[in-house]
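K.L.:
Have a look at this one.
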Amino acid sequence: MGADLPTKKDSPAKPPPVFTWTGFYVGMNFGHAWTGSRPISAASANIFDVSAAGLGLASASSACGVAHARLNDYYFGGQGGYNWQFTEKFVAGLEADIQGAGVRGGGGLANVTPAPGGFAVSSATLRRRLENFGTVRGRLGYAVTPTILVYATGGLAYGGVDVTSALAQSLPPSLLIADIANGDFYKNRIGWTIGGGAEMALGHNLSAKLEYLYYDLGSGSFAAPVSSLVFTDATTAALQLVDATRVSTRFNGHLLRLGLNHRFDWSIPSTSGSPATELFASPRFAPIERSAFADWRIKVMPYLWAINTNGTLIARGDAIGTDTTIIDAFTKTSSFPLAFMGRVEVSNGPLFLYGDFAWARLRFSGSTLKLRSPVADVAIAVSASGRLKQTLAIGEAGVAYELARWKFLGAPDSTIALGAYAGVRYGYLGIDLTTKAVGAANSELLDLAVVGVRATATSGSIRWVDPVVGIQIRDEFAPGEEFCMRGDIGGFGAGSKFSWQFYGGYSRDFELSGLKLVGMIGYRALGINYSTWVNGEENGLNAVIHGPVTGVGMRF
């Protein structure tokens, strides 16, 4: 009798979604750069000579030479891009990145050249610096496994490069004297890069990568003009001899870096049995109600900010180029870099109040400093001796409100919230600078008449308060997991001339022994342009302070 009952066949099951590399992502990176081309060369020519002994040829010859220098150090930065998995195994993409760097190196020259009736004695310090750099590259990858991608990459490279030099010369036993010839030349360069890497998915949205790049900022040498060596007679002050010098070097090298990327749910096309997708997703969003007012919630987040500085500090008129990384603070100082940072958020539904404070004391010395004022240039170029103690405090407070919220229909747990905030940002910067000049004989800039040693100490502090306005986007892509981006602008002449800030980071809730905890990792960048005049001397800051942030906090 049962065999005569009607049967009902189940409809075919829909294939489960599979992982695909397609989608838009942003992330951060940390790496090390090392030298490609080592030489920095100085070439001089005599352009005027009325000296009785005919010293011009020997003077110019003595001022020539090659210093072998590194171009090494660590850097931090961020990237963004888009991948398209167009077959089962192949992935194409486009990525752009930018890094703030303290990549630098230098060397010295010392020559003694016979001259008619005596000698030409020369010494020089030649330095080069990659202050910032970035790339815009295509990527072509092969999925070794569904979640491991190996790829080749190449494209455009760009960067801000700087060459500095100081050349001193004497012509004993003659009575001819000359000031130190200084050079400082900065330029933005465009070149090319090529390399490869491997990327591994850590989940649906997160991935980590290891990448190598070779870069070359320009096809030829980089020439920086140097001020001339001008010799005069010590007794009559009459012009006797002039040499013109150029310094050349090439900015190329190798980069190795680690990166962490977050891929946005709304940019990932739906998959069904195959990781190959259409070029772009067609995301569908539905507006939903904003968070409702209920109980107040508190989040306390102590965090660490690996501070890197790219720009210029000005203390009582002395301009200090501080292209430094947190690695410099650990490896090139005798004291531990101190830092205290934390953020508090108090929220109720769409409303939340926030406060954020960061305090750090960093010390740098030696070749990590590029002192841009004339006196400091001579001091560092001649003796390579300097000390900088930098105290930085940034405090923020404000109120934010959630303006709208959407549900992403392609993922049941994914929502995006848009909010706006306004507040104030307080800044304090204290600078203590000590420089020492050795052997700067007859330097008008240092007011020295004989060979000797001169030390100068400079200190100053600035404080400012900026109004700020900004927007915040929170991508809650899974229960207890979110990616947050916020950016603001401020100052508008009320405090600083202009300031801006960007933060992007991933957070995840978890419990430990009954405590509600939240872990966070991200990247923060703060740009400040502020100056003030006190007793005819300028104090100021025009720099970008940036670096990765990480912390573990509590929710109440």
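K.L.:
Given the Cα-Cα distance of residue 94 and residue 256 and 0.36 nm per residue of separation, how much length would full extension add, in nm?
P.N.:
Numbers: separation 162, 0.36 × 162 = 58.32 nm, distance 1.90 nm.
Length difference between fully extended and current span is 56.4 nm.
K.L.:
Given charges of +1 on the Cβ of Lys and Arg and -1 on the Cβ of Asp and Glu, with all other atoms neutral, how large is the dipole of region 126-218 about its Cα centre, in debye to the nearest 20?
P.N.:
Value, rounded to 20: 180 debye.
K.L.:
Once amide H atoms are built 1.01 Å from N in the peptide plane, which residues 5 or more positions from residue 103, or in another chain, come under 5 Å H to H?
P.N.:
It is 130, by chain and number.
K.L.:
I've got another one for you. I'd like the carbon and sulfur percentage of the solvent accessible area for region 11-71, probe radius 1.4 Å, heavy atoms only, ligands and nucleic acids excluded.
P.N.:
The nonpolar share, carbon plus sulfur, comes to 66 percent.
K.L.:
A follow-up question, please. Heads up, I need the accessible area for residue 231: 1.4 angstrom probe, whole protein in place, Å², nearest 10.
P.N.:
0 Å²
K.L.:
Taking the Cα centre of region 10-161 as origin, work out the dipole magnitude from +1 charges on Lys and Arg Cβ and -1 charges on Asp and Glu Cβ, in debye rounded to 20.
P.N.:
Values: 10 positive and 7 negative charges, 36 e Å.
Taking the Cα centre of region 10-161 as origin, the dipole is about 180 debye.
K.L.:
Counting only other residues whose beta carbon sits under 12 Å from that of residue 406, what net charge do I get with K and R as +1, D and E as -1? Each step should come with its number before you reach the end.
P.N.:
Details: positive: 284, 290, 405, 407, 474; negative: 265, 289, 402, 475, 476.
Result for the local shell: 0.
K.L.:
Tell me, how many Å apart are the Cα centres for region 247-306 and for region 25-89?
P.N.:
Using only Cα atoms to place each centre, the spacing works out to 35 Å.
K.L.:
Go ahead and collect, in residue order, the members of region 346-361 whose backbone nitrogen is under 20 Å from a label point 7 Å along the Cα-Cβ direction of residue 340.
P.N.:
355-361
K.L.:
May I pose another question? Skipping prolines and chain starts, which residues have an amide H placed within reach, meaning under 5 Å, of the one on residue 21, given they are 5 or more residues away or on another chain?
P.N.:
Under 5 Å from the amide H of residue 21 lie the amide H atoms of 85, each far enough along the sequence or on another chain.
K.L.:
What accessible area per residue comes out for region 226-282, rounded to a whole number of Å², with a 1.4 Å probe?
P.N.:
That works out to 41 Å² for each residue.
K.L.:
Something else now. If you roll a 1.4 angstrom probe over the protein chains with everything in place, what fraction of the accessible area of region 164-299 belongs to carbon and sulfur, to the nearest %?
P.N.:
Of all accessible area on region 164-299, carbon and sulfur atoms account for 61 percent.
K.L.:
Pairs 389/497; 209/407; 209/389; 89/187; 407/516; 389/516: which exceed 32 Å Cα-Cα?
P.N.:
Values: 389/497 25 Å; 209/407 30 Å; 209/389 35 Å; 89/187 42 Å; 407/516 26 Å; 389/516 39 Å.
Those over the limit are 209/389; 89/187; 389/516.
K.L.:
Round to the nearest 0.05 the FRET efficiency obtained for residue 233 and residue 189 when R0 = 41 Å and r is the Cβ-Cβ distance.
P.N.:
According to the calculation, E is roughly 0.45.
The values are calculated or read from the model by the stated rules, or taken from the named source; none is laboratory data. Note that the structure is a prediction, hence the values are computed from the model and not measured. Every residue, glycine among them, receives a Cβ derived from its backbone with ideal geometry; neighbour counts consider all protein chains shown. For the accessible areas, the whole protein counts, side chains as well, though only heavy atoms, and no ligand, DNA or RNA atoms are used. Shrake-Rupley method; radii C 1.70, N 1.55, O 1.52, S 1.80 Å.
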